[in-house]
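Trainee: Have a look at this one before I ask anything.
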Amino acid sequence: MITAAQRKCRHPSRSFWLSLLLVVSLAGALELSSRLLDYVQKEFGQAAYQRLEDWKRLTDLAQNAPTNRQLRLVNSFFNRVRFVSDIQHWGEEDYWATPVELLTTNGGDCEDFSIAKYLTLKSMGVPDDQMRIVYVKALELNQAHMVLAWYARPDADPLILDNLINDIKPASQRTDLEPVYSFNGEGLWLNQSGGERTRIGEAKKLSRWKELNNRLSEALRP
């Protein structure tokens, strides 16, 4: 069931998230305005406020940490958020939330976790070309799923950040996941048999990703 707070966050107040000086930009900058934090504390409570404060503190403290440590910290931080389906949480079949929406409402699904991890690591300086958000089939669950992959090199066995488990394992050890396609801020790739990936264009082909980008970009405007 959608709570009043969630309804306020999602539908009547979508312009609120855009008008405040929040920002997690796809360029990598992360800023949380005092206006946003004050609003969240008033409307969603101290716990929601603290989650945003903890997120900002995490990005500041881990800014210069080794990448492997950044991966572990970010993965474990977001995996504390409760998993809830889009239809239950937002009243839509498929809604890709921003990290602020995820943390403020303390709920989201696999896409939201993966996007939040991607944007947070990007804000810490992890290069975009080392990360891919990967749409997979979770074989044991027999359902679609999404994870974040980090590549030390373009041809490396990537490490998988997943909300289903806290351990970060190489993709070769995640035989329960079957990749379908992947994307980041630079492109869109189709996974083929044998592990090969073929670039098929820009990630903006994905309507939900394009919508999320537009919302983040609007938030940057004066």
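Read-outs: derived from the displayed coordinates by stated rules, not from any lab. Keep in mind the model is a prediction, meaning the values are calculated, not measured. No Cβ is skipped: glycine too gets one built from the backbone with ideal geometry, and neighbour counts run over all protein chains shown.
Trainee: Checking the a/c ratio against 1.5 first, then a/b against b/c, what shape does the Cα gyration tensor give for region 44-90?
Mentor: Details: a/c = 3.65, a/b = 1.60, b/c = 2.28.
Because a/c hits 1.5 or more and a/b fails to exceed b/c, region 44-90 counts as oblate.
Trainee: Here's a follow-up. Per 0.36 nm of contour for each residue apart, how much would the distance between Asp54 and Gln143 grow if the chain were fully extended, relative to their Cα-Cα spacing?
Mentor: Working: separation 89, 0.36 × 89 = 32.04 nm, distance 3.20 nm.
Fully extending the segment from Asp54 to Gln143 adds 28.8 nm.
Trainee: Please work out how much length the chain gains when fully extended from Asp176 to Asp38, using 0.36 nm per residue of separation minus the C-alpha to C-alpha distance, in nm with one decimal.
Mentor: Working: separation 138, 0.36 × 138 = 49.68 nm, distance 4.25 nm.
Full-extension gain reported as 45.4 nm.
Trainee: Continuing with the same structure: Step through the residues of region 135-146 one at a time and calculate ³J(HN,Hα) from phi using the Karplus curve (6.51 cos²θ - 1.76 cosθ + 1.60, θ = phi - 60°), rounding each to whole Hz and writing x for Gly and Pro.
Mentor: These are the phi-based 3J(HN,Hα) values: 8, 10, 9, 7, 5, 5, 8, 6, 8, 5, 8, 9 Hz.
Trainee: Kindly rank 92-103, 44-55 from highest to lowest mean number of other beta carbons found within 10 Å of each residue. Numbers along the way, then the final one.
Mentor: On the way: 92-103: 20.2, 44-55: 16.8.
Ranked by mean Cβ neighbours within 10 Å, highest first: 92-103, 44-55.
Trainee: Going by average Cβ neighbours within 10 Å, how do the peptides 133-141, 114-122 rank, with the highest at the top?
Mentor: Output ranking for 133-141, 114-122: 114-122, 133-141.
Trainee: Shape call for region 55-194 from the C-alpha gyration tensor, a ≥ b ≥ c root eigenvalues: rounded (a/c under 1.5), prolate (a/b greater than b/c) or oblate? Don't jump to the answer; show the numbers that get you there.
Mentor: On the way: a/c = 1.58, a/b = 1.01, b/c = 1.56.
In terms of gyration-tensor shape, oblate.
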